Amino acid sequence: MTAMTMTPEQENTFYADPANQKPQGPPVRRKAKLSEPVPVRFPEDLLNEVRSRAAADDRSVSNWIRRAVEHELQRSTN
């Protein structure tokens, strides 16, 4: 079973075992830190849909919105 095919619950169980917590491969540098927060308001029905999709992708709402914006910016430059 690989991380790509595990559910979040399976990942949690797998990594709860200290034997599965050893780093593998070269270290990965994180991207630059994020800037200041930008307050954005959504209609309640839209926010509920965002929350639902973020949960389905096992992401935070902030991360899901950030990725959606990045995707839209890439789409508009192509």
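Expressed as an acute angle from 0 to 90° and rounded to the nearest 10, what is the orientation of the C-alpha long axis of helix 44-56 relative to the principal long axis of the chain?
Taking the Cα atoms of the chain, the angle to 44-56 is about 20 degrees.
Among VAL40, VAL61, rank each residue by its count of other Cβ atoms within 10 Å, from fewest to most, as a rough exposure measure.
VAL40, VAL61
As an exercise, use a Förster radius of 35 Å and the Cβ-Cβ distance of LYS22 and GLU44 to find the FRET efficiency, rounded to the nearest 0.05.
0.20
For the chain, what is the calculated [θ] at 222 nm in deg cm²/dmol (nearest 500), taking -39500 (n - 2.57) for each run of four or more DSSP H residues and dividing by its residue count?
Taken over the chain, the calculation gives -16000 deg cm²/dmol.
Take the Cβ-Cβ distance between SER60 and THR13 as r, set R0 to 25 Å, and report the resulting FRET efficiency rounded to the nearest 0.05.
Once the sixth-power term is evaluated, E becomes 0.70.
Among ASN63, ASN12, ASN48, determine the one that fluctuates most according to a GNM of the chain built with springs between C-alpha atoms less than 10 Å apart.
Looking only at ASN63, ASN12, ASN48, the biggest GNM fluctuation is shown by ASN12.
Consider the candidate values (i) 13, 31, 35, 19, 3; (ii) 16, 44, 34, 6; (iii) 22, 52, 23, 4, 0; state which one is P(r) over Cα pairs in 10 Å bins from 0, in percent computed from the structure displayed.
Evaluating P(r) over Cα pairs in 10 Å bins from 0, in percent on these atoms matches (i).
Suppose every Lys and Arg Cβ carries +1 and every Asp and Glu Cβ carries -1, with no other charges. What dipole size does the chain come out with about its Cα centre, to the nearest 20 debye?
With only Lys, Arg, Asp and Glu charged at Cβ, the dipole is about 480 debye.
GNM, the chain, Cα, under 10 Å: largest mean-square fluctuation among ALA32, ALA54, ALA19?
Maximum among the listed residues: ALA32.
Just so you know, all these numbers are worked out from the coordinates, no wet-lab data involved. Everything quoted here is computed from the prediction, not taken from an experiment. Please note: Cβ atoms are built from the backbone with ideal geometry, for glycine as well, and neighbour counts cover all protein chains shown.
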